[in-house]
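Chemist: Take a look at the following structure, please.
The values are calculated or read from the model by the stated rules, or taken from the named source; none is laboratory data. Since we're looking at a predicted model, the values are computed, not measured. Note: ideal-geometry Cβ built from the backbone for every residue, glycine included; neighbour counts use all protein chains shown. Areas reflect the complete protein model, heavy atoms only, side chains present, ligands, DNA and RNA absent. Shrake-Rupley method; radii C 1.70, N 1.55, O 1.52, S 1.80 Å.
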Amino acid sequence: MQDNSVLSLIGNTPLVRVSHLDTGPCELYLKLESHNPGGSIKDRIALTMIEAAERDGKLKPGGAIIEATAGNTGLGLALVAAQKGYPLTLVVPDKMSREKILHLQALGARVVLTRSDVGKGHPEYYQDMAARIASETPGAYYIDQFNNPANPLAHETTTGPEIFRQMNGEVDAVVVGVGSSGTLTGLTSFFRAQSPATAFVLADPVGSVMADYVETGSFGQAGSWLIEGIGEDFIPPLTDLSMVKRAFRISDQESFDTAQQLLSSEGILAGSSSGALLAAALRYCREQTEPKRVVTLVCDSGNKYLSKMYNRDWLVDQGMLRLPEVGGLTDLIVRRHQDGSTVSCHPDEPLNVAYQRMRLHDVSQMPVLDDDKVVGVLDEWDLLLSVHGEPENFRQTVATAMSGHVRTLSPQASLQDLLQVFNDGHIALIVDKGRYLGLITQADLLSFWRRQPRAA
């Protein structure tokens, strides 16, 4: 069978049963929306919204598309826009993962980053900024997924019928999250007509207002969260909560941990919103007293979060992963040598190899180690002096370019000693009885202070 376009591959995603996690008395199924060509459930609404705008004459040949997105809607729009030949501008909050931004740019989208710490009404709030750019761009169409009826229509006409068919019409509960609310509202519309006894369960990040609104009909000021794609600081206009029977608040930690469990136990690499949905689904299933058939979504692939929730150093920086505390300056070392996570080089390695390693790990200087002993430091200035515009000089060894004058600190050194090293323009190399333990940068110290509990 041949398909005429990659867009014809959107939808009809597989459904798999969870078999290695504790689901209580229930059967839990995952709809793998990560199998869409753009890698997420948002491919569905991107195609539906653009084609609806074309039919309605709101998007004409030669026109441009503008949208505000936390990530996956933008990727879906970029995929569809590229296939249909529309220029696309996306306004995204600055907490979006680097992989998503690079993916968007690779598809030809113009990406405008804006602040993620401001709310509606602020000129740098991503939705307000996108609307302003659209009003200033001739021939532009603002997708406005939060108010676009074609958003829930995609799930009412495709996602819902697929789930119902794949489950042979036996669906006791569906676990969803809310971003724009298109998934919830579209599925609600379908199941109200086809299976009104199906319950909906909300997975909401801690800090979002949606769970409060489900339980009390009101909400206060929103907090902040790291989970991408779901959770809101307001109630989206399209939201239909009429079939939501239960809401679970899921922390960033629980979301990330559950996504890790999904990967290790079921072999499914999923993103942070999927971790939150699965965590809520597992909680719901385990609290049941009789068997139920429950469905939730793997909204997107975890390959978009390899630099964040699947990155050990990022997790440590965010306080999501605690390294063993041994006291002294060792506790400030993120990449500990004994764990094999040190970025270093050997004096006999070519400068080209060392340079590539620095670029790969985004560091500007590295310790030079020989049998776990610090014999020098190599930084970008050393490389500049050694190469000096002659590419063949990259074949020289690290030993010819490194600085042999190394300042080290013991784990028992004081904070003042550490600050003095920074003041002198160096990184702090921590050495205990001749054995290299790791290094501390100024960023490491700042992150350590940021992770400390706030005083009451």
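Chemist: Can you give the accessible area per residue of the chain, in Å², using a 1.4 Å probe?
Modeler: Ligands and nucleic acids excluded, the figure is 46 Å² per residue.
Chemist: Another one. What shape does segment 289-440 have by the C-alpha gyration tensor, where a ≥ b ≥ c are the square roots of the eigenvalues, rounded means a/c under 1.5, and otherwise prolate means a/b greater than b/c and oblate the rest?
Modeler: The shape class here is oblate.
Chemist: Assuming R0 = 41 Å, can you tell me the calculated FRET efficiency for the pair HIS20 and PHE448, based on Cβ-Cβ distance, to the nearest 0.05?
Modeler: That gives a FRET efficiency of 0.70.
Chemist: Any cysteines in the chain with zero other Cys Cβ atoms under 4.7 Å from their Cβ? List them, or say none.
Modeler: For the chain, the answer is CYS299, CYS345, because their Cβ atoms have no other cysteine Cβ under 4.7 Å.
Chemist: Using a 1.4 angstrom probe with every protein chain in place, what is the largest-first accessible-area order of VAL421, VAL111?
Modeler: Correct descending sequence by accessible area is VAL111, VAL421.
Chemist: State the antiparallel share, in %, of DSSP beta bridges confined to the chain, rounding to the nearest 5. If you can, show how the numbers build up before the last one.
Modeler: On the way: 18 of 53 bridges.
Around 35 percent antiparallel, to the nearest 5.
Chemist: A further question follows. By the scheme Lys and Arg +1, Asp and Glu -1, what is the net charge of all other residues having a beta-carbon under 14 Å from that of GLY63?
Modeler: 0
Chemist: Under a 5 Å amide H to amide H cut-off, with H placed in plane at 1.01 Å, what residues pair with GLY231 once short-range neighbours are removed?
Modeler: Distant-sequence amide H within range of GLY231: VAL178, GLY179.
Chemist: Rounded if a/c is under 1.5, else prolate if a/b beats b/c, else oblate: with a ≥ b ≥ c from the C-alpha gyration tensor eigenvalues square-rooted, which is segment 41-142?
Modeler: Oblate, since a/c reaches 1.5 and b/c is not below a/b.
Chemist: Using a probe of 1.4 angstrom, how much of the accessible area of the chain is carbon and sulfur, in percent? Mind showing how you got there, number by number?
Modeler: Details: 10290 of 20820 Å².
In the chain, the share of accessible area belonging to carbon and sulfur is 49 percent.
Chemist: How much length, in nm to one decimal, is gained on full extension between GLN412 and ASP117, taken as 0.36 nm per residue of separation minus their Cα-Cα distance?
Modeler: That pair, GLN412 and ASP117, stretches by 102.4 nm at full extension.
Chemist: Now a separate question. May I ask for the distance between the Cα centers of segment 398-456 and segment 340-377, given as a whole number of Å?
Modeler: 16 Å
Chemist: May I pose another question? Starting at the first residue of segment 228-233, write each ³J(HN,Hα) from the Karplus equation 6.51 cos²θ - 1.76 cosθ + 1.60 with θ = phi - 60°, in whole Hz, x for Gly and Pro.
Modeler: Values, residue by residue: 9, x, 10, x, 9, 9 Hz.
Chemist: Starting at the first residue of segment 123-138, write each ³J(HN,Hα) from the Karplus equation 6.51 cos²θ - 1.76 cosθ + 1.60 with θ = phi - 60°, in whole Hz, x for Gly and Pro.
Modeler: The phi angles translate into x, 9, 5, 4, 6, 5, 5, 5, 4, 5, 4, 5, 5, 9, 10, x Hz.
Chemist: Another question, then. Amide H neighbours of LEU409 under 5 Å, at least 5 residues apart or on other chains, H built in the peptide plane: list them.
Modeler: Amide H neighbours of LEU409, under 5 Å, 5+ apart: LEU429, ILE430, VAL431.
Chemist: If you don't mind, another one. Could you please put HIS155, HIS20, HIS426 in sequence from largest to smallest accessible area, using a 1.4 Å probe?
Modeler: HIS20, HIS426, HIS155
Chemist: Report the FRET efficiency, 1/(1 + (r/R0)^6), for GLU325 and ASN393, where r is their Cβ-Cβ distance and R0 is 41 Å, rounded to 0.05.
Modeler: Numbers: r = 44 Å, r/R0 = 1.07.
The formula returns an efficiency of 0.40 here.
Chemist: Report the local net charge at LYS120: Lys and Arg +1, Asp and Glu -1, summed over other residues whose C-beta lies under 9 Å from its C-beta.
Modeler: Summing Lys and Arg as +1 and Asp and Glu as -1 gives -2.
Chemist: Rounding to the nearest 20 debye, state how big the charge dipole of segment 41-142 is about its Cα centre with +1 on each Lys and Arg Cβ and -1 on each Asp and Glu Cβ.
Modeler: Once rounded to the nearest 20, the dipole reads 100 debye.
Chemist: Specify which labelled value, from [x] 25.5, 75; [y] 26.9, 94; [z] 21.7, 74, agrees with Rg and Dmax of the Cα atoms in Å derived from the coordinates of the model shown.
Modeler: The calculated read-out lines up with [x].
Chemist: Let me ask you something else. Sorted by average packing, counted as other Cβ atoms within 10 angstrom per residue and highest first, what order do 215-223, 182-190 take?
Modeler: 182-190, 215-223
Chemist: Which of the listed residues, HIS388, SER447, GLN412, is farthest toward the dipole's positive end in the chain, when Lys, Arg count +1 and Asp, Glu count -1 at the beta-carbon?
Modeler: Going by the Cα projections, it comes out as SER447.
Chemist: I've got another one for you. What figure, in Å² to the nearest 10, do you get for the accessible area of GLU290 with a 1.4 Å probe and non-protein molecules left out?
Modeler: 110 Å²
Chemist: Here's something else I'd like to know. If you plug each phi of segment 10-22 into the Karplus form 6.51 cos²θ - 1.76 cosθ + 1.60 with θ = phi - 60°, what whole-Hz ³J(HN,Hα) values come out, in order, with x for Gly and Pro?
Modeler: The phi angles translate into 6, x, 6, 7, x, 10, 10, 8, 6, 10, 10, 10, 6 Hz.
Chemist: Follow-up question, since we're still on this one. Count the net charge of all other residues whose Cβ sits under 10 Å from the Cβ of THR188, scoring Lys and Arg as +1 and Asp and Glu as -1. It would help to have the intermediate numbers written out before the result.
Modeler: On the way: positive: ARG192; negative: GLU156, ASP240.
Net local charge, THR188 excluded: -1.
Chemist: Would you tell me the accessible area of GLU99, worked out with a 1.4 angstrom probe on the heavy atoms of the protein chains, in Å² to the nearest 10?
Modeler: Only protein atoms counted, so the area is about 50 Å².
Chemist: What FRET efficiency, computed as 1/(1 + (r/R0)^6) with R0 = 41 Å and r the Cβ-Cβ distance, is obtained for ARG98 and GLN194, rounded to the nearest 0.05?
Modeler: FRET efficiency, ARG98 to GLN194: 0.50.
Chemist: To continue, here is another question. Amide H of VAL295 versus every other amide H placed in the peptide plane: which residues, excluding those fewer than 5 positions away on the same chain, fall under 5 Å?
Modeler: Sorted by chain and number, the residues that satisfy this are TYR29, ALA173, VAL174, VAL175.
Chemist: Something else now. How do THR408, THR258 stack up against each other in accessible area, from largest to smallest, with a 1.4 angstrom probe?
Modeler: So, going from the largest accessible area down, we get THR408, THR258.
Chemist: Please work out how much accessible surface SER364 shows to a 1.4 Å probe, ignoring ligands, DNA and RNA, in Å² rounded to 10.
Modeler: 60 Å²
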